[in-house]
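Here's the structure, in structure tokens; my notes come after.
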Amino acid sequence: MTPDQVLKRLPFDRNRSKNPGATADPKRYRDGRQLLRTIGLIYEDEGKLLRVTPLGRAVERWRPVLSTGNAAVLGRHAAQALAACQLRNPTREGHRYHEEVEVFPFAFIWRAMLLLDDSISSPELNRAVFRVRNENELLLAVEKIRAYRFSGDLNALGDEVETSSEKNDRILIWMAWASFGWTLIMDKRETASESYIIAPKARRLIADAAMIRHKHRNFRTEQDYVQFISECAGLPEDLR
């Protein structure tokens, strides 16, 4: 479909719409596109049609039957795909990063958590992990977090990266992505912890995916990049 066709099908509250009685605010489409494109489920092709990747179709099939008992089946493929995601990429959001940035955001979050007792807090993310530009800086960030946990002094972590009033929401979004919808990491809003914690049943999945070392690549188009993420999921052929 075209973006306009998708927008017309999106549910919305007419009383809150900027165009009452017409369609949802175009921002609804843009936000949804970023949400699903970031983790390799959809992309806009060069003709500006919205396309669903094989990973996106797999998620669509699994959603109605997903449970804690079978989440690991989809979770393994999701983790392999997320490990390939780059912060700097051909999408509109990915273009804003400096060419020196070679960050695999979800793999970096997992590696930090695995080195830090399977957990990480919002200040640790916002002041240390979100600041790194490469693998070497990630290891330095982990050491800063360890120093902070020992002393309790926030200054050990450095300044915040996200400083707006919406910083907690933005951190939450990154963790929702890194957890593939809270499949791999537990939502701290539903636990007694102040930190995000790797789900016990997903630890092996995350550890395996975190070991994957992709070479940072310069992709020509958004389509090339998102299709690559989907291919990295290693999904079996759909024989139906």
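The values are calculated or read from the model by the stated rules, or taken from the named source; none is laboratory data. In this text, all values refer to a predicted model and were calculated from it rather than measured experimentally. No Cβ is skipped: glycine too gets one built from the backbone with ideal geometry, and neighbour counts run over all protein chains shown. Note: accessible area is taken over every heavy atom of the protein model, side chains too, but ligands, DNA and RNA are not part of it. Shrake-Rupley method; radii C 1.70, N 1.55, O 1.52, S 1.80 Å.
For the reader, a short list of remarks on this structure follows.
- First in the range 46-63 and surrounded by 13 or more Cβ atoms within 10 Å (Cβ to Cβ), second anywhere and in a helix (DSSP H, G or I) and among the hydroxyl-bearing types (Ser, Thr, Tyr), Cβ under 6 Å, 6 or more apart: Thr53/Ser230; Pro54/Ser230; Leu55/Ser230
A quick yes/no check of all residues on (1) farther than 27 Å from Asn89 by Cα; (2) hydrophobic (A, V, I, L, M, F, W, C):
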| position | (1), (2) |
| --- | --- |
| Val161 | no, yes |
| Ile185 | no, yes |
| Arg189 | yes, no |
| Tyr196 | no, no |
| Lys201 | yes, no |
| Arg204 | yes, no |
| Phe219 | no, yes |
| Tyr225 | no, no |
| Glu231 | no, no |
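- Hey, Arg30 at pLDDT 85 or above and open to solvent by 40 Å² or more (accessible area, probe 1.4 Å) or not: yes
- Some residue of the range 75-92 being of a type in the set (Ser, Thr, Tyr) and under 15 Å from the mean Cα position of the chain (by Cα): yes
- For the criterion of being at pLDDT 90 or above and surrounded by 12 or more Cβ atoms within 10 Å (Cβ to Cβ), Asp25 fails.
This table checks each residue for (1) aromatic (Phe, Trp, Tyr); (2) open to solvent by less than 70 Å² (accessible area, probe 1.4 Å).
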position	(1), (2)
Trp110	yes, yes
Asp118	no, yes
Arg146	no, no
Lys188	no, yes
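- One residue stands out among those in the range 85-104 that are of a type in the set (Asp, Glu) and in contact (Cβ under 8 Å) with a residue 40 or more places away in the chain: the one that is farthest from Ala233 (Cα to Cα), which is Glu93.
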